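Colleague: Input: one structure, supplied below.
The values are calculated or read from the model by the stated rules, or taken from the named source; none is laboratory data. Keep in mind it's a predicted model, so treat the numbers as computed, not measured. Don't worry about glycine lacking a Cβ; one is built from the backbone with ideal geometry, like all the others, and counts go over all protein chains shown.
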Amino acid sequence: MRKFREMNFFHILENQPQVERDHPLLMDAYEEFAESLFTESECATNLTSFYNQLCYTHVELQSLHNEKIVNKKTEITSTLSCVNKALLLMDAQIKLVKWKMKIGYIPQKKQERQKKDKIKWTGTIIELVEFGYASLENKSFNNGEIEIKELIDYLSTMFDFEVKDCYRVFVDIRNRNGDRTFYLDRLKGKLIHKMEQADNR
């Protein structure tokens, strides 16, 4: 919360006599403050926390600004100018973060991580539906207290795989000739084979 508040920019502003002697130091501190603000804005993953941090810093800056307006006898144009510029930056960043929060913005790095980590269903539609129906009958999801369409929609979203009509697919499964649980039987066979391989090592 106090990250920006504890930067050198604030320390210099609060030490009025030193500002008179070290104007270049003030400008360097302002540039450092601005760069840190932009960096945080680009990589902030928790927008609510960053927004609160901005609001807090804005209030602190506004307080310094008001003090310098009241103390006109000791007012230094360069100091007040830096405070005004910092306030403008804060206003712009607060508006930007509010917009990001409104549209549900996800930082680019987080998007790339989510895309990289996403698991996709690489089987067929009929296999996913067969899995869904069997899991529901086994009460593997919500103790069976869920509609099949809701479960299939959830699986489709989770695995990024569209199933338009699970009821029709289930009819196709029921109408199979011979082995009607082909996918589940194949899963069982694969797992047994894997265990046998492990046993023989």
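Colleague: Consider Phe161 against the criteria (1) modelled with pLDDT under 90; (2) over 27 Å from the mean Cα position of the chain (by Cα); (3) surrounded by 13 or more Cβ atoms within 10 Å (Cβ to Cβ): it satisfies all of them except one. Which criterion is unmet?
Modeller: (2)
For (1) outside the structural domain of Thr45 (by TED's automatic domain parsing); (2) modelled with pLDDT of 95 or more; (3) of a type in the set (Phe, Trp, Tyr); (4) under 30 Å from Thr39 (Cα atoms), each residue gets a yes or a no:
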| residue | (1), (2), (3), (4) |
| --- | --- |
| Gly104 | no, no, no, yes |
| Phe131 | yes, yes, yes, no |
| Ala134 | yes, yes, no, no |
| Asp153 | yes, no, no, no |
| Thr157 | yes, no, no, no |
| Asp165 | yes, no, no, no |
| Asp172 | yes, no, no, no |
| Asn177 | yes, no, no, no |
| Thr181 | yes, no, no, no |
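Colleague: Let me ask something else about it. Could you give me the residue pairs with C-beta distances under 8 Å whose first residue belongs to the range 130-155 and is among the charged types (D, E, K, R), whose second residue is in a loop (DSSP other than H, G, I, E, B) wherever it lies, and which are 6+ apart or on separate chains?
Modeller: Glu130/Thr181; Asp153/Val163
Table: residues versus (1) closer than 30 Å to Phe161 by Cα; (2) part of a helix (DSSP H, G or I); (3) at pLDDT below 85; (4) not assigned by TED's automatic domain parsing to the domain that holds Thr157.
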position: Glu42; (1), (2), (3), (4): no, yes, yes, yes
position: Asn52; (1), (2), (3), (4): no, yes, no, yes
position: Val59; (1), (2), (3), (4): no, yes, no, yes
position: Ala92; (1), (2), (3), (4): no, yes, no, yes
position: Met101; (1), (2), (3), (4): yes, yes, yes, yes
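Colleague: Name the one entry in Ser140, Ser156 that is touching a helix residue (DSSP H, G or I) at 6+ places or on another chain (Cβ under 9 Å) and part of a loop (DSSP other than H, G, I, E, B).
Modeller: Sole residue among the options that is touching a helix residue (DSSP H, G or I) at 6+ places or on another chain (Cβ under 9 Å) and part of a loop (DSSP other than H, G, I, E, B): Ser140.
Colleague: Being assigned by TED's automatic domain parsing to the domain that holds Asp91, over 23 Å from the mean Cα position of the chain (by Cα) and modelled with pLDDT of 80 or more is true for just one of Phe38, Phe33. Which residue is that?
Modeller: Just a single option satisfies the conditions, and that option is Phe33.
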